[in-house]
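**Q** This structure is in structure tokens; I'll ask about it shortly.
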Amino acid sequence: MNRLRLEGVTRRFGGLVAVDDVSFEVPADGVTAVIGPNGAGKTTLFNLISGFLPPSAGRITFEGNDITGRPPAEIARAGLVRTFQLVKLFEDLSVLDNVKVGCHLQGRAGLFAALFRPASARREEQALDARARDLLAFAGLAAMADEPAAALPYGRQRMLELARAMAAGPRLILLDEPAAGLNTEESAALSRIIRRIADEGTSVLLIEHDMTLVMNTAERVVVVDFGRKIAQGTPAEVRVDPAVIAAYLGTGKPAMQEPPHG
Amino acid sequence: MTISPSITSPERRPIRLVGLLPWLFAAAVVGYAMVVGGYAATVVSFALIYAVFVTGLNLFMGFAAQVSFGQNAFAAIGGYMSAVLTASHGWGPLPAMVLGIAAAVLAAAIVGFPALRLKGHYLAMGTLAIGLITYEITVEWQSVTQGYMGISGIPPFGIGPWEVTSDRGQLVLLSLVVAACTFAAGRIRRSRFGRALSAVAGSEEAATALGIAVARYKLVAFLLSAGFAALAGSLFVHIVGYVSPEVFGLHMVIVTFTMLYVGGIGTVAGPLVGALIVSLLPETFRAFKDYQDLAYGAALILLLIYAPRGLASLFAPRGRS
């Protein structure tokens, strides 16, 4: 079954059609990428899927349930969690606590539990702590657990945001330009982590400008331009698609270089 | 991934001991007042009542990073409920206090549900209006509040035959209440609930993307804050034995904001430290006579220059403890 399905999704801002009648499906397995030139409507598309903006028309279903226009927190509870193009960490909290906030949906403890700490709440807190530390180890941040999040270098903040989103236990994770601002090594490490996330059963949908990352990481690519879907297929198919080449370069040259392997 | 040396802070352990300093300071001040009694005990008693109020204000403004200029409204509800029920209707102080807190929390729910849709300056304006409206009600509803005349003859706090009448007894009672409130704030800080509030403070978008019901957490923080305010209002009328509209006016808003920022917004110890310092400073400068207010103002400015995140933050391992 498909994890996510978009049918004729459209979003207008006044006279501008930012997302125009876009339909595609995200299968449960592997990594799907949305690419397109700047201003093609990729982030708007993510905002529509994650509930941060209601679509003007169309239908979005997640695991068969209609989530069109549902509030973002409800969509997250359903198992669809996103990250942001500009990192939004909780800067005053420690690295570990950022991931623990990510674990919010895994816990039940409320105000009563905070004040009286019954045994059940203590067990839950220990479980969240262990889970958060596992995720930090996964993201290579275990040594910095107690640092304030704001003190991390930029590349590590990106990793932390990824670990925090994974802490919510999503079945589909939306990554909005996760490699933005990363150097080549960091980007390669990110690519490996995204593959591991997908291999462990979480579907990944990512927006990305870094073509090397997309070509190395994604099984399927959806290309958008001026709000419309102009192509869809494997990275190899998309790379030689004339419409894609035209959108990126406006000439007959190949749109993307062969990725370096490894 | 780039290899960067892991950032460690070797001075963490000493900092933990330093973290006790705000508590030792508070204990010393209360202990001094206990020994000396009289006027010192009165000043410190008021400071402790403010500490209850500011601890609640801090849950909403520090932990959840919202803003309210209208928490005095809930102190007024708690205070007047206690005053009217005990002085005019012969209730015991404890049931009157409990009902007052419940009424304040209910009022906070009614106004908070729509008002918390506002953000930033608009929320500030909206909450300011709540305080002003409540003030007008306490002035105008003379059949119950006796207007500017106020209500006198409010009995001291007590349960059944046991009454707290002496200076020192009041100090003990208030110290216990403040300790319980501060303990509660500390537990909230280090809990799933408290982390969700911090997330709302840090980035509402990121919090909502992680499934946190932002509006609900804001509302619960507002209700808690109102409950603390009502508790403080009720304690005040029982300690003083008298209440009038001026007690819960704009002056209270200004003083409690000063306490929150001087003590350290978002910290656990900050509200108590701030309440004590801001209450004691004017007394310390009494010898300056005509220049007392000038010295007080200068001291506040210096505090905010050298401890911009509040006194308690100087002793916290991070910006927030």
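The values are calculated or read from the model by the stated rules, or taken from the named source; none is laboratory data. Computed from a prediction, not measured in an experiment: that's the story for all the values here. When we count neighbours, we look across all protein chains shown, and the Cβ atoms used for this are built from the backbone with ideal geometry, even at glycine.
**Q** What is the one condition in (1) of a type in the set (D, E); (2) without any contact (Cβ under 8 Å) to a residue 40 or more places away in the chain; (3) in a loop (DSSP other than H, G, I, E, B) that A:E25 does not satisfy?
**A** Against the list (1) of a type in the set (D, E); (2) without any contact (Cβ under 8 Å) to a residue 40 or more places away in the chain; (3) in a loop (DSSP other than H, G, I, E, B), A:E25 comes up short only on (3).
Per-residue answers, yes or no, for (1) on the phi < 0 side of the Ramachandran plot; (2) buried (at least 21 other Cβ atoms within 10 Å of the Cβ); (3) at pLDDT 95 or above:
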| residue | (1), (2), (3) |
| --- | --- |
| B:Y122 | yes, no, no |
| B:W141 | yes, no, no |
| B:I154 | yes, yes, no |
| B:R168 | yes, no, no |
| B:A221 | yes, yes, yes |
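**Q** May I pose another question? Pairs needed: first member in region B:33-49, free of Cβ contacts under 8 Å to residues at least 60 places away in the same chain; second member anywhere, of a type in the set (F, W, Y); C-beta distance under 7 Å; at least 6 residues apart or different chains.
**A** Going by the 7 Å Cβ cut-off, the qualifying pairs are B:A40/B:Y32.
**Q** Continuing with the same structure: For region A:28-59, what are the residues that are of a type outside the set (S, T, Y), closer than 26 Å to B:S203 by Cα and in a loop (DSSP other than H, G, I, E, B)?
**A** A:N38, A:G39, A:G41, A:G51, A:F52, A:L53, A:P54, A:P55
**Q** Restricting region B:183-214 to residues that are in contact with a Leu (Cβ under 6 Å, 6 or more places away or on another chain) and surrounded by 19 or more Cβ atoms within 10 Å (Cβ to Cβ), which is nearest to B:T55 (Cα to Cα)? Spell out the reasoning first.
**A** Here is the first cut: in region B:183-214, the residues in contact with a Leu (Cβ under 6 Å, 6 or more places away or on another chain) are B:184, B:187, B:193, B:198, B:211.
Add one more test, that the residue is surrounded by 19 or more Cβ atoms within 10 Å (Cβ to Cβ), and what stays is B:184, B:193, B:198, B:211.
On the way: B:A184: 10, B:F193: 16, B:S198: 16, B:G211: 28 Å.
Among them, the one singled out is B:A184.
**Q** Among the residues of region B:147-163, what is the count of those that are without any contact (Cβ under 8 Å) to a residue 60 or more places away in the chain and touching a helix residue (DSSP H, G or I) at 6+ places or on another chain (Cβ under 9 Å)? Break it down stepwise before answering.
**A** Start the filter on region B:147-163 by keeping residues that are without any contact (Cβ under 8 Å) to a residue 60 or more places away in the chain, which leaves B:161-163.
Subsequent filtering for residues that are touching a helix residue (DSSP H, G or I) at 6+ places or on another chain (Cβ under 9 Å) retains B:163.
Adding up the residues that qualify gives 1.
**Q** Also, I was wondering about something else. Need at least 1 residues that are away from chain B (no Cβ under 14 Å) per element, so show me which helices (runs of 4 or more DSSP H) inside region A:128-241 make the cut, counting only ones lying wholly within it.
**A** On the way: elements: A:154-167, A:184-199, A:211-217, A:235-239.
Correct list: A:184-199, A:211-217, A:235-239.
**Q** Another question, if that's okay. Checking the condition in the same structural domain as A:D210 (by TED's automatic domain parsing), within 25 Å of A:Y154 (Cβ to Cβ) and in contact (Cβ under 8 Å) with a residue 60 or more places away in the chain, which residue from A:G36, A:G102 passes? Reasoning before the result, please.
**A** Details: A:G102 fails: in the same structural domain as A:D210 (by TED's automatic domain parsing).
Unique residue meeting the criteria: A:G36.
**Q** List the pairs whose first member sits in region A:105-132 and is closer than 17 Å to B:F183 by Cα, whose second member is surrounded by fewer than 19 Cβ atoms within 10 Å (Cβ to Cβ) and at pLDDT 95 or above, and whose Cβ atoms are under 6 Å apart, counting only residues at least 6 apart or on separate chains?
**A** Correct list of pairs: A:A114/B:R187; A:L115/B:R187.
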